[in-house]
Amino acid sequence: MNFLESRTRQNLARAFAAECQAGARYQFMATMAQNEKLFYIKDTMKMLAKNEMAHAKLFYDFIVQNSGKDSVVEFNADYSYLEAKLEISLQKESEIEKSEFDTIYPEFANTAREEGYEEIAQGFEKVARVEYSHFKLLEYLYNKYQSKTLYKSKLEQLFRCTNCGHLSYQSDAWKKCPLCSLDQGYIMIDYNHIFEESSKIYMDSDKY
């Protein structure tokens, strides 16, 4: 299959554009979180934005490496433009990430493999697995945000201030840090269980 005539080339261009837009939207969400004084969520959104731009670079490099001098790709695709509210964005972005994991990137990987581009197929699959972890994280944050339980727990848990490092076991986090007096939004939210669960997807041979 001539790469310039392949569906894989168009899919890479679509994926590149989608990842760039996702990176921008996560930056917007970081600003939304900052405006609500949710500074740890702000940092989390910046981390997701960095991830998406790394994915965009991967897809961009695949296009450049295989296209030769011809670097113009025409394609049609639909992209999401979300209302500028953190709650809505958390929900909708989780749905977008889930569709990339469940449908979009697996289909792109299958097409690449059928057209003889195994390395590109594996690239789509590896990115899809990361998008699954993004989906689970955003879904978790949306549920906690909506239920107003970002800093509440049924059992005592460890809360840590990301500014001064103050530590405390309790079920409801402080409103102001007892040590440095910064807002509750600087408290670290524990995502470890999300990423531990997501890591199991690498062993899911039925999915990939």
Reported set for the stretch 1-18 where residues are without any contact (Cβ under 8 Å) to a residue 60 or more places away in the chain and in a helix (DSSP H, G or I) is 5, 16
Check your understanding: Condition test on residue 30, is it free of Cβ contacts under 8 Å to residues at least 60 places away in the same chain, in a helix (DSSP H, G or I), in contact with a Phe, Trp or Tyr (Cβ under 8 Å, 6 or more places away or on another chain) and within 30 Å of residue 186 (Cβ to Cβ)?
Key -> no
Scanning the stretch 171-195 residue by residue, the ones that are part of a loop (DSSP other than H, G, I, E, B), surrounded by fewer than 17 Cβ atoms within 10 Å (Cβ to Cβ) and of a type in the set (Gly, Ala, Ser) total 1
A careful count of residues in the stretch 60-91 that are under 30 Å from residue 146 (Cβ atoms) and crowded, with 18+ Cβ neighbours inside 10 Å gives 4
Filtering the stretch 144-170 down to residues that are over 28 Å from the mean Cα position of the chain (by Cα) and either within 22 Å of residue 87 (Cα to Cα) or surrounded by 12 or more Cβ atoms within 10 Å (Cβ to Cβ) (or both) yields 166, 168, 170
Considering every residue within the stretch 93-106, establish whether at least one is aromatic (Phe, Trp, Tyr) and more than 24 Å from residue 49 (Cβ to Cβ). no
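To keep it simple, each residue is scored yes or no on (1) surrounded by fewer than 17 Cβ atoms within 10 Å (Cβ to Cβ); (2) in contact with an Asp or Glu (Cβ under 6 Å, 6 or more places away or on another chain).
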site: 96; (1), (2): no, no
site: 108; (1), (2): no, no
site: 114; (1), (2): yes, no
site: 129; (1), (2): no, no
site: 138; (1), (2): no, yes
Expected output for the stretch 114-129 (first residue in contact (Cβ under 8 Å) with a residue 24 or more places away in the chain and aromatic (Phe, Trp, Tyr), partner surrounded by fewer than 19 Cβ atoms within 10 Å (Cβ to Cβ) and assigned to a loop (DSSP other than H, G, I, E, B), Cβ below 8 Å, 6+ apart or cross-chain) is 117/1
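Every number in this text was worked out from the coordinates using simple rules, so none of it is lab data. Note that the coordinates shown come from a computational prediction; the quantities given were computed from them, not determined experimentally. Neighbour counts run over all protein chains shown; Cβ positions are idealised from the backbone, glycine included.
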